[in-house]
Every structure is written in C-alpha cells, then in structure tokens.
1. Averaged over peptide B:102-114, how many Cβ atoms belonging to another chain are found within 10 Å of each residue's Cβ?
2. Can you give the average number of partner chain beta-carbon atoms within 10 Å of each beta-carbon in peptide B:122-132, as a whole number?
3. Residues with amide H under 5 Å of A:Asp10's amide H, sequence separation 5 or more or different chain, H placed in the peptide plane at 1.01 Å from N; which?
4. Would you pull out the residues with amide H under 5 Å of A:Leu152's amide H, same chain only if 5 or more places away, H placed 1.01 Å from N?
5. Quick one: ranking A:Tyr50, A:Tyr171 by accessible area, 1.4 Å probe, largest first, what do you get?
6. Using protein chains only and a probe of 1.4 angstrom, how many square angstrom of A:Arg13 are accessible, to the nearest 10?
7. When only C-alpha pairs under 8 Å and at least 6 residues apart count, what is the relative contact order of segment B:54-224, in percent?
8. Once a ≥ b ≥ c are taken as the square roots of the eigenvalues of the Cα gyration tensor of segment B:103-193, is the result rounded (a/c under 1.5), prolate (a/b larger than b/c) or oblate (a/b not larger than b/c)?
There are 2 protein chains.
Amino acid sequence: MPRIQHHRADQTRDRILHAAIREFSEHGLAGARTGAIAGAARVNKALLYYYFRDKESLYAAALEEVAGKVAGDAIAVLELDCSPGERLLRFTLQHFDRNLSRQGFQALMQQEMVRFRAGRSNAMQVIAKNAFEPMWDRAMNLVEEGIGSGELCSVDPMQMMYAALGANVFYFLSAPMVKLIAAINPLDPAAMASRRTTAIEYLGQTIFTDRRRGARLAKAVLAAMPMPENALPERKTA
Amino acid sequence: MPRIQHHRADQTRDRILHAAIREFSEHGLAGARTGAIAGAARVNKALLYYYFRDKESLYAAALEEVAGKVAGDAIAVLELDCSPGERLLRFTLQHFDRNLSRQGFQALMQQEMVRFRAGRSNAMQVIAKNAFEPMWDRAMNLVEEGIGSGELCSVDPMQMMYAALGANVFYFLSAPMVKLIAAINPLDPAAMASRRTTAIEYLGQTIFTDRRRGARLAKAVLAAMPMPENALPERKTA
DNA sequence: TTAGTTAGATTAACCGGTTAGTCAAACTGT
DNA sequence: ACAGTTTGACTAACCGGTTAATCTAACTAA
C-alpha cells in the first residue's frame, strides 16, 4: 500500500502523522483526542479519516513511522565501517541519545509494550517484523562476529544488551521519581552528560577482551558523538 | 486516615480498589472504564463515587496502594539482619521477582512515570514522599554502609542501581517484542529462571570487593529466595 | 423484647458533555 | 469539466458522574 500521491501536498498526510505521534506520545491511544491531532496539524478532523481508516489505524501508522525511523537509524550505525566492538558502543550511545532527545517517541514505544502485553495491539507484529527484526539480526550477528574475532568477551550477547540498554531506559524512566526524592535532577544536562559518559565507559570496560582497547574506543566514540543539545522541549522531525 | 469503619464490610472498598488496580494496569487512566471496574468488583458504578471522589482519585488511590505495598516489601528486605551486600542482592532479586509476578503493578507504575513526565499526575508527589523516599534513603544508606565497611566496591551507588534494576525492567518491558523477533520466549519459566540467576550472579561478581564472597552470597541468596510460581495469570492480593 | 430511629451502604435510572466517525457541499488546480 | 482535496455541520454512541430512593444493621428507649 505505497499510496501513490501524484502532485503536491501529501505533506498534509505527513503533518497529520507527526501531530499524531506527538499526541499519542503524550496521552496514549485512549487519551489522545482526534480533534487535538487535527488541530495540531492545522487540518479538519474529517481529513484524518480521509487518509486513515480510523483512530487505531492512525495510531498504528504513527507507531510504524517511529519504529521505522528508530530502527533505520540504528541499522545505519550497526553497518558502520569499523570494528564490531566500536559499532556496539556507538549503538548503545545512540540508544542513550535517542532516549534523551526523543523522549516522546520512547514513551510511545513503552506504552505500546504495555498495551501489547495486555493483549491488544495488532500493530506490534508488523513493527516487529519490518523494523525491529532486521535491526535485531544485525546486532546479534555483530556480537557473534566480535566474539569470533576475539575482540569481545564470550558472554551471552543478550545479557550484554539487557545490561547496556536496560540501564539507559531505566535512567530516563525513573528520572521524574528520582528528581522528587533525591538531591539531584537526572534530567539536568550536566547529570545526563555524566551518566552518558559513565555508561559507555563502563560498557567499554565490560565487553572487550582487551580492556585497554575498550577504554580507548569508548573515549573515541564519546568524542565522535557529542551529546545532542535538545533536552525536553521535543520538537518534531520534518 | 485509618477510616474507622465500625461494622461489617468495608471489604467492598477493597474490592473496588483492587478491581481498579487491574483495570488501570491494563488500560491506563484514560483507557480504563469505570463501568468495567464496578463490574469486576461486582458493585454498582455509583458506589465508586461513594468511596472515591472521582475517577482520578480512584486512580491515585490505586497507585498509592500499589506503591505502598511495593515500598513496604522492599524496606522489609533492606532492613534484614545480614550484611549490606547480601541485603542489596536480596533487594535486587526481589525486584526481579516483583516484575515477574506483579507485571500489572509494574505496568501501572511505568504508565504513571510516562504520565508524570508529560506534566499531569499530582499523585506522584504523594507516592514519592510516603513510599519511595523512605525506601530510597534506606537503600542509599545501605550502599554507603557497605562501602564504608569495605564489603562493596567504591563506585557510585546510583550507577550500581541503574545497572541492576534497569536490566530487570528492560527484560520484562522488551519481552513481548523479543518473543516476536527472537527464537526464544523471555517469559517462558525456564528462560526467566536462567535470566534471574544470571542477573544476580553477575551483580555478585560486580559490586563486591571480594569477588569470591560475592559469588558465594549470590548463590546463597538464590537458594534462599526461590522463584515465584506465578507467571502471567496475575491474581490479586486480597 | 421490640418498635422506632438513625446512619451507612447500595442501587436503578438518568443526564449532560464529549468523542469517534460521517456526509454532502465546496474548493482547487489542470 | 472534473478528479482529487478540504471543510463545516451533523450524529450516534459512549462514558463519567449525579440523584433519589432502598436496603441493612446497629443503636435507643421503654
């Protein structure tokens, strides 16, 4: 269903889609208001139903858009022209930065995970097949390759991923709570920069057979990928 | 506010509260239906408004109930009569098991984190102060104590927590997706048991100055705390 | 004991507002 | 003229919340 739009304006469809992404991110499927989406896209509500079958289809489309972009970016990093270990460090750092600058997107994905676990969600299958499975395969191959060449420690690749990505997710997920009960604010740029550095350096020292090399690569990757400016305001792509 | 109810039945209030916990867990605040809650509690809808001001108050009450129970259990472990390191291992293992057997509760908390981050949620402050701050303080003191006595490595206590708890959260959060794209099912009892063991043993080898001692304590804790039976069906407390 | 009283607990029926979704008319570029 | 787009107006269903009435059981006074 590529939807061959000939002339001008199917940018309208895009405006709707991105307005939907934001609205769904902030309010969830049930909480989102179609009127609000239309308003944000500067479009009449009925137009939503011209481009999308119903609210849930729009939700699914928004989800696929996000997942596609996320997975695409990730795959680009996984196919970079450098050693498996370095690519893994970059992949993890990118994941942190995505949590940082695209908190709405992450929220959308997390909400969908809950929704899917609760039994609903038919969109999940599509996303998994088209977006995340290719990414997943590449990541796993990468780890195997790294272990095979002797660059990486021979531990279960999954455990490695859980530790690295889990810490990122949990950092931002718990941030609002931590801010309330601890002396620090995890969303403060300085705190984030610190955490970002620590996480990658820690990973560098954990997964490489040659720890010296891991530390050096971690530093190099951190230098090559500066932390994104954006913190909270969350503007859209387009 | 103990609510001095003289006679019989204020178990009704409890039925409503637990029905609400489940409904809100599965559908979120906006998605939950008051009618469904009343139905599940075998009670007329109007009775919800007899016991609770409105839907949001009920939601807040459900959240506080969950948070109180979670924090209470955690504090009990943190005050056990053993070394700080062992208590930390137990605390982390308990966290894993809570994710395992109370997935609805965790979903509720995670959704509220998202909600709070998006700006709404007045309940969060209360929960943080009454439930999580005491828990947090005890955990931090514990880590300091452990480092002071030389049992634990002298790393930032927070980084330690992020790695340990983050991996747990991410494991269950990503499980539905992983099930779709990988050959394994992370929610299969065998897989969970494996992950559970690995996580604690890994922590044991990471945070102790004496790694031998860490490994031994991890094994002991795993033996002392068997994995809960329950996997998915999710029955309530009562 | 008991008839009368009171307060809390529970319900059926209903209401007003909101929301997803529709439609026919109007506009636009070619 | 006309297919592709865009819109204001409309509706049917739903949902949170209210109301007035009923029921239950403990309390009270003779």
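The values are calculated or read from the model by the stated rules, or taken from the named source; none is laboratory data. None of these values were measured; they are calculated from a predicted model. Glycine gets a Cβ as well: all are built from the backbone with ideal geometry, and neighbour counts include every protein chain shown. Each accessible area value is taken on the protein alone, full model and side chains, heavy atoms only, with ligands, DNA and RNA left out. Shrake-Rupley method; radii C 1.70, N 1.55, O 1.52, S 1.80 Å.
1. Details: counts 0, 3, 3, 0, 2, 7, 1, 3, 6, 6, 2, 8, 14.
For peptide B:102-114, the averaged partner shielding equals 4.
2. Details: counts 0, 0, 3, 1, 0, 3, 7, 2, 0, 1, 5.
Mean shielding count: 2.
3. Amide H neighbours of A:Asp10, under 5 Å, 5+ apart: none.
4. A:Ile147, A:Thr209
5. Values: A:Tyr50 150, A:Tyr171 10 Å².
Output order, biggest surface exposure first: A:Tyr50, A:Tyr171.
6. My reading of the accessible area for A:Arg13 is about 60 Å².
7. Averaging sequence separation for qualifying contacts and normalising by length gives 27 percent for segment B:54-224.
8. Details: a/c = 2.71, a/b = 1.21, b/c = 2.24.
Judged from the Cα gyration tensor, segment B:103-193 comes out oblate (a/c at least 1.5, b/c at or above a/b).
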